[in-house]
Amino acid sequence: NAARTSVRVPKMKPEQTLSLDVHLLVGGTIDGRVTRADGSVPKDGTLACLMAAYHSPPEHCYRNVLKPENSDYCFWVRIESDGSYRLEHIPPGKYHLFALSDDKPHNIIKDLNIKDGASVKKDLKLSP
């Protein structure tokens, strides 16, 4: 996901110059492992999902995570065969992290703070 920002530049004379300071964010990383309560790895199709905390809680809008029009505030990946996941280049901010399996959110971690350049490790367990 790339951030897009537009800047309106005032009309200038040819001899004028414009100077802009640009700070590019690296974003944060979240990784971990998704397992069932008994420690086994869930079936194919289980997702690790991250949703911006300013949006509705995941209990109410988890189906919106996968819609392309929500890609500015929702991030998701399919878990690997060993249950591991990795979400990268997450803009700094507060998020809700959860696993999505069988059309239900599991193990919701609310208000997870992501800082630029930081890595966070969070394991998720599916509820029975």
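Determine which lysines satisfy two conditions relative to Lys115: a Cα distance under 26 Å, and not lying fewer than 8 residues away in the same chain.
Filter leaves Lys67, Lys94, Lys125.
Counting only heavy atoms of protein chains, what accessible area per residue, in Å², does the stretch 74-128 have with a probe of 1.4 Å?
About 57 Å² of surface per residue is accessible.
Net charge around Asp111, counting only other residues with Cβ within less than 13 Å of its Cβ (Lys, Arg = +1; Asp, Glu = -1)?
For residues surrounding Asp111, the net value is +3.
The values are calculated or read from the model by the stated rules, or taken from the named source; none is laboratory data. None of these values were measured; they are calculated from a predicted model. Glycine gets a Cβ as well: all are built from the backbone with ideal geometry, and neighbour counts include every protein chain shown. Accessible surface areas use protein heavy atoms only, side chains included; no ligands, DNA or RNA. Shrake-Rupley method; radii C 1.70, N 1.55, O 1.52, S 1.80 Å.
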